[in-house]
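Quick notes on the structure that follows.
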Amino acid sequence: MLESVVVEAKAPRAVATVFVLHGRGSNARDMLPLAEALDLAALRYVFVEAPLAVAGLPGGRQWYEFTAEHDRGIKASTDLLLAAVAAHGTEPPSVFLGFSQGAVLSLSAGLHLLPPPAAIVALSGYFAPAQPLPPRNGAPLPPSLLVHGNADQVIPVEFGREAERNLRALGVPVEYREFPLGHQIDQAVLAAIRAFLRSHLAL
């Protein structure tokens, strides 16, 4: 089971649980300030810790390694993440929000979860379809916000643009935003996330 840190909603009742996935070399606790920064009182947050250590970086974690086993690593972490979501229950609705490698996992897990999540937010990542999507049986594909900095030198913006094209080809309802940023989250990105979640959740 993946380790996680839970931040309960400030409102009397949570309208959604947001599974927050960090990037490579970071960890779940590094993402904790995001809950305060988004300032959405009706959201409950589960900050999930990636399963793999990063060699030579104490406290740093990763969802998969950049090796020939890249796709297999994404699938393995996707399966672990879906099990973690199931352990937290299906009520209230879920949201996946990830940065960098966490964005890759947010898209992978979010598109495989049934019933589908209420929304996916993928920041500075890319789309890596490591396994075929399951039969939908009428279930809709989740609305997805992709955000990328056009000065990103870690995962270049072309990966974000390609993700938008490939997700649209699958029928995923995508909102794509670019900002004059590097590999980071700033106030403009937070505002975009906030607006997107408000438009798809009862906030």
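Every number in this text was worked out from the coordinates using simple rules, so none of it is lab data. Keep in mind that what you see is a predicted model, and the values were worked out from it rather than measured. Methodologically, a virtual Cβ is constructed for each residue, glycine included, from the backbone with ideal geometry; neighbour enumeration extends over all protein chains shown.
Rounded if a/c is under 1.5, else prolate if a/b beats b/c, else oblate: with a ≥ b ≥ c from the C-alpha gyration tensor eigenvalues square-rooted, which is the stretch 69-132?
Details: a/c = 1.99, a/b = 1.36, b/c = 1.46.
Oblate, since a/c reaches 1.5 and b/c is not below a/b.
Would you kindly state how much longer the chain becomes between R198 and L170 on full extension, computed as 0.36 nm times their sequence separation minus their alpha carbon distance, in nm to one decimal?
The R198-L170 span can extend by a further 7.6 nm.
Could you rank the peptides 37-50, 7-20 by their average count of other C-beta atoms within 10 Å per residue, with the highest value first? Mind dumping the intermediate values first?
Working: 37-50: 19.9, 7-20: 17.9.
With the highest mean Cβ count within 10 Å placed first, the list reads 37-50, 7-20.
Could you grab the relative contact order for the chain? Cα pairs under 8 Å, six or more apart, rounded to a whole percent.
On the way: 430 pairs, mean separation 37.2, N = 203.
Here the relative contact order equals 18 percent.
With +1 on the Cβ of every Lys and Arg and -1 on the Cβ of every Asp and Glu, and nothing else charged, how large is the dipole of the stretch 4-200 about its Cα centre, in debye rounded to the nearest 20? Show your work: numbers first, answer last.
Numbers: 15 positive and 17 negative charges, 78 e Å.
Magnitude of the dipole: close to 380 debye.
To the nearest 20 debye, what is the magnitude of the charge dipole of the stretch 49-135 about its Cα centre, counting +1 on the Cβ of each Lys and Arg and -1 on the Cβ of each Asp and Glu?
60 debye
If one computes P(r) from the Cα atoms of the stretch 105-203, what percent of pairs lie at distances over 25 Å?
17 percent
Using the Cα centre of the chain as origin and beta-carbon charges of +1 (Lys, Arg) and -1 (Asp, Glu), tell me which of A139, A122, L40 is placed farthest towards the positive end of the dipole.
Looking along the dipole axis, the top candidate is A139.
Which length gain, in nm to one decimal place, applies between Q153 and L133 when the Cα-Cα distance is subtracted from 0.36 nm times their residue separation?
The Q153-L133 span can extend by a further 4.2 nm.
Using only the alpha carbons of the stretch 4-200, determine the length spanned along each of the three principal axes and report them from longest to shortest in whole angstroms.
Taking the Cα atoms of the stretch 4-200, the three principal extents are 45, 40, 34 Å.
Between A83 and A53, what is the label-to-label distance in nm when each label sits 7 Å out along the Cα-to-Cβ direction?
Modelled inter-label distance: 2.0 nm.
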